[in-house]
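Comments concern the structure below.
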Amino acid sequence: MSLALFDTLFGSKARSRLIRFFLLNPGAEFSAAEVSEKTMIGRPEASRELGRLIKMKLIIERSRKGRKCFIVNEDFPFYTELKSLVSKLNVHAQSQIFRKLRVVGEVKLTLISGLFLNYPKSKVDMILVVNNVNRTKLKHAIAHLEAEVGKEIRFVLMNNEELHYRLNMLDRFFIEFLEGPYEAVTNKVPELKRFIAGLKK
């Protein structure tokens, strides 16, 4: 299931984003400000949707030292089914959400796995090879990606020089990543294609 279909199913992009966020972060409590910041939903809209989810009893409101906090209700009747649905979301490389990465620098390579492909065994969700990276723009782009998928993204960042060094050293991390399921969002590294072809021999 795609993110767009998930949004349509729940009738609101903000609501579906909140549902993904809480289901993918069970046991964690968040203030209204934290929910708004991490999901990139404006405070008024986030408050309205939180109110609806509380009425449904999917979200529980608690008070900690005088501060309101919100946590997913793991006793919700359809909790298991909803979590299964969310876990099956496959954020394909063709998704528009990866366009945010184009402005972070000279992007040579973007490989996705893990959270994006529903493959929990992967050590990282994304490998980024960027020359002349703008770290402020990168931080902003990653925040947008995390808001869309609902969970913190584990990623490795390097430049072209480090990538070549790793390939020449037959880096175990790279080999293990490429042996699992992954998709290429961007691949402007001919050497990597030869490296992958060599692994398949």
**Study point:** Mean residue ellipticity (222 nm) of the chain, computed from DSSP H runs ≥ 4 via -39,500 (n - 2.57), nearest 500
**Key:** -13000 deg cm²/dmol
**Study point:** Alpha-carbon centroid distance for the pair the stretch 152-181 / the stretch 63-135, whole angstrom
**Key:** 19
Check your understanding: If each residue's Cβ is checked for other Cβ atoms within 10 Å, how do ASP125, ASP75, ASP7 rank with the fewest at the top?
Key -> ASP75, ASP7, ASP125
Point to revise | Reachable lysines from LYS188, criterion Cα separation under 27 angstrom, eight or more residues apart if same chain | key: LYS100, LYS108, LYS121, LYS123, LYS137, LYS139, LYS200, LYS201
Check your understanding: So for the chain, what percent of the C-alpha to C-alpha distances run longer than 22 Å?
Key -> 53
Study note, to complete from the structure: So, with points 7 Å from each Cα along the Cβ direction, the LYS193-ALA28 label distance in nm works out to 3.8
Practice item. State the percent of C-alpha pairs, over all pairs in the stretch 96-199, separated by a distance greater than 24 angstrom. Key: 19
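Each value in this text was obtained by applying a stated rule to the coordinates, not by laboratory testing. Keep in mind it's a predicted model, so treat the numbers as computed, not measured. Methodologically, a virtual Cβ is constructed for each residue, glycine included, from the backbone with ideal geometry; neighbour enumeration extends over all protein chains shown.
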